[in-house]
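Enquirer: This is the structure, below, for whatever I ask next.
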Amino acid sequence: MEYYELHPVTPQLRYINKAVEVLKSGGVIIYPTDTIYGIGCDIFNKQALERVFDIKQDSGTKLFSFVIPDLKQIAQYAKVSDFAYKAMKHHLPGPYTFILPAAREVPKKLWTKRETVGIRIPKHNVALTLAKELGNPIVSTSVTNRKGEVLFDPLEIKMIFNSQVDLMLASGSLQGEPSSIVDLSTEAPEIVRYGAGDLSYFQ
């Protein structure tokens, strides 16, 4: 595993570009978000997606969302109602995963049984710059151990995942909660998971 430490506000572009090269070649990376570290790949690379699913099978976690750099791209990957767009515009970038009806462009491997997808725009410059430079969404699923417990320390993550991923972008110890998950795929919003971020708008 290649390992690079980045500044969380002004990440070094040379390291971002190394990660982009890995993603474009079908690699799997670990990177920071505004909540916890994520395991990611280019959502349009089938082999890389399979690798991410294999890595996560041990923990029993089934949540796979993806990161886009801003809301301008949202219509490419999801069907968005007026209410959903206003809600996301109010909360993003931020520590939320929003569930929306999937657009056909998204690989069905990332669809739920209800044909929805989870979308993230984290308030973290490493994740946002990475997605912007790649030009494609990046899978975002939490870094956990075999028991499903979230890992926060980058050196511990490096030790555990050294042989499973190709590159890690570290940005210090992340002590946040996982993102809050809000389902906006129907008329009435539903809070699926209480995590980081204020959820009063949806209650």
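Enquirer: If you wrap region 1-100's Cα atoms in a convex hull and average its projection over all directions, what's the area in nm²? Walk me through the intermediate numbers first.
Expert: Working: hull surface 30.0 nm².
Value for region 1-100: 7.5 nm².
Enquirer: Here's another thing I want to ask about it. Kindly point out which whole DSSP H helices in the chain project their C-alpha atoms 15 angstrom or further along the helix axis while averaging a Kyte-Doolittle hydropathy of 1.6 or above. Walk me through the numbers on the way to the answer.
Expert: Working: long enough: 13-24 (16 Å, 0.14); 46-57 (17 Å, -0.77).
Taking the DSSP H segments of the chain (at least 15 Å long, mean hydropathy at least 1.6), we get none.
Enquirer: With runs of 4+ DSSP H residues as the only contributors, calculate the mean residue ellipticity of the chain at 222 nm using -39,500 (n - 2.57) per run, divided by the residue total and rounded to the nearest 500. Please list the in-between numbers first.
Expert: Values: 6 runs with 56 residues, N = 203.
That calculation yields -8000 deg cm²/dmol at 222 nm.
Enquirer: Further question: Can you pull a Stokes-Einstein diffusion coefficient for the chain at 20 °C (1.002 mPa s), Rh from Kirkwood over Cα pairs, as a whole number of µm²/s? All intermediate terms of the calculation are to be shown ahead of the outcome.
Expert: Working: Rh = 16.7 Å.
It diffuses with D of about 128 µm²/s by this estimate.
Enquirer: Mind giving me the FRET efficiency for Lys113 and His90? R0 is 25 Å, r the Cβ-Cβ distance, nearest 0.05 is fine. Intermediate results must be reported in sequence, preceding the final value.
Expert: Numbers: r = 29 Å, r/R0 = 1.15.
Once the sixth-power term is evaluated, E becomes 0.30.
Enquirer: Could I ask something else about it? How many nm separate the modelled label positions at Lys79 and Glu190, each set 7 Å beyond the Cα in the direction of the Cβ?
Expert: Going by the 7 Å Cα→Cβ label model, 1.7 nm.
Enquirer: Nothing charged except the Cβ atoms of Lys and Arg (+1) and of Asp and Glu (-1): what's the magnitude of the dipole of the chain about its Cα centre? Round to the nearest 20 debye.
Expert: On the way: 23 positive and 22 negative charges, 94 e Å.
That gives a dipole near 440 debye.
Enquirer: Over the chain, what relative contact order in percent results from Cα pairs under 8 Å that are six or more residues apart?
Expert: That works out to 33 percent.
Enquirer: Further question on the same structure: Net charge near Gly172, counting Lys/Arg +1 and Asp/Glu -1 over other residues with Cβ under 12 Å of its Cβ?
Expert: Residues close to Gly172 contribute a combined charge of -2.
Here, each number is a calculation from the coordinates, and none is a lab measurement. Since the model is a prediction, treat every value here as computed from it, not as a measurement. All Cβ positions, even for glycine, are placed from backbone atoms using ideal geometry, and neighbour counts span all protein chains on display.
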